[in-house]
1. Picking from Ile36, Ile70, Ile76, which residue would you name as being under 30 Å from Ser246 (Cα atoms), without any contact (Cβ under 8 Å) to a residue 40 or more places away in the chain and open to solvent by less than 80 Å² (accessible area, probe 1.4 Å)?
2. Tell me, which residue of the stretch 223-281 that is of a type in the set (Phe, Trp, Tyr) and in a helix (DSSP H, G or I) is farthest from Leu327 (Cα to Cα)?
3. Could you please tell me which pairs satisfy a Cβ distance under 9 Å, a separation of 6+ or placement on different chains, a first residue in the stretch 189-201 that is touching a residue at least 24 places away in the same chain (Cβ under 8 Å), and a second residue that is open to solvent by 70 Å² or more (accessible area, probe 1.4 Å)?
4. Restricting the search to the stretch 227-246, which residues are open to solvent by 40 Å² or more (accessible area, probe 1.4 Å) and either within 18 Å of Ser292 (Cα to Cα) or touching a Phe, Trp or Tyr at 6+ places or on another chain (Cβ under 6 Å) (or both)?
5. If a residue must be among the aliphatic types (A, V, I, L, M) and at pLDDT 80 or above, how many such residues does the stretch 288-314 contain?
6. Between Phe178, Phe220, which is under 24 Å from the mean Cα position of the chain (by Cα) and of a type in the set (Phe, Trp, Tyr)?
7. Out of Trp263, Trp285, report the one residue that is within 28 Å of Phe81 (Cβ to Cβ), open to solvent by 50 Å² or more (accessible area, probe 1.4 Å) and touching a helix residue (DSSP H, G or I) at 6+ places or on another chain (Cβ under 6 Å).
8. Can you tell me which residue among Ile247, Ile222, Ile283, Ile261 is out of contact with any Ser or Thr (no Cβ under 7 Å at 6 or more places or on another chain) and closer than 30 Å to Leu44 by Cα?
Amino acid sequence: MNTRNERLYSFFLVAMLLASLYMALLVLKPFLNIIIIGVVLASLCYPLFTTLRQRFNGHESLAALATVSIIVLCFIIPLFFFFSALVSQAAKSIVSFQAWLSTFDLNQLQHEEFIKVPLDFLKERLPFIDFSQFNIQSELLELTRKYGQTLLDSGTVVLGNMANIVMKSAILVFTLFFLFKDGEKMLARLRHLTPLHASQEDRIIAKLNNVARSVVLGSFIIALLQGIAGGIGLALVGVPALFWGSIMGFASFIPVVGTAIVWGPCALYLLLTGDWKSGIFLIIWGMLVISSIDSFFRPYFMKGQSQMSVFYVFLAIIGGLQLFGALGLLYGPLILSLAMVMLSIYSEEYGDFLNEKR
């Protein structure tokens, strides 16, 4: 085969490969998120699978079935009931808050001493701002109406797509089973097809595993613990615990302010309604219990394994949320960590050339 024919053959082969991969992507696109979530879950639960495989004397199918059953019973089914209850309590919480806003005049607060003093100070220092134009009460009412309608629409969509949710859950379970059963063979085949060195492939796989375990899993566990602690504190003071505790769990991903962005306003609400004891208790509970969870557990989960600073994790999560929605909590850190390890491999492979430029 001459050089011209070799080029034509290579071009045609690559073109056919790219075309077939593109068509395969179109076929798998509806299930791509499920497959990615399945891969991450399989990676996190793989030690459990290997333990069960040893218990079943190397029977991979039985071990895979047992592992998937544990995941379904411990995670998938509880999550389904949790989100169902969450939507219901969210609607009740917003209705209660709207009722309070309708009966309580926030404008009266400007005559209170603890509000009047800083407000007069701001008016004196910022004379170009007309504070009388701000109508916080009407803005809050409009905001709660919008969120209430959004929650109602979301609940309707969830109930209407119940069959779709069940189908996707079944696909996730099916995917997990075969990832456990044939995951090692799939990974070996994928590594065979890549032109990277074995050491580079090991670094990429190790990096993604470490990020999944230390950053993703660690962040989710911290969010869960803070959400539970926050829910307990809120329940003790009579605030709907499931909804606001869940919001507190999501808020734990925000650096610096974190869960205080939820329990702080809740404590302020209790103080404004005259329930001083509950308000002060919630402030103490938030500072000593909820916030301390992050300081105590985060170093344990991170342990330097991910080699990603909090700054990069924060950017990855926020950017992932904007790009992928809720799944950005998972995709963001994984994508950024992959980019970082690829940059590291690139700098090593072309280190001589890069050093010559100096």
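The values are calculated or read from the model by the stated rules, or taken from the named source; none is laboratory data. On a predicted model such as this, the values are computed, not experimentally measured, just so you know. So basically every Cβ, Gly included, is an ideal-geometry build from the backbone, and we count neighbours across all protein chains shown. Accessible surface areas use protein heavy atoms only, side chains included; no ligands, DNA or RNA. Shrake-Rupley method; radii C 1.70, N 1.55, O 1.52, S 1.80 Å.
1. Only one candidate passes the filter, namely Ile70.
2. By that ranking, first place goes to Trp276.
3. Note: pairs meeting the criteria are Gln200/Glu348; Gln200/Glu349.
4. Once the filter is applied, which keeps residues that are open to solvent by 40 Å² or more (accessible area, probe 1.4 Å) and either within 18 Å of Ser292 (Cα to Cα) or touching a Phe, Trp or Tyr at 6+ places or on another chain (Cβ under 6 Å) (or both), the stretch 227-246 yields Ile228, Ile232.
5. 4
6. When all the criteria are applied, what remains is Phe220.
7. One residue alone meets the criteria, Trp285.
8. Ile247
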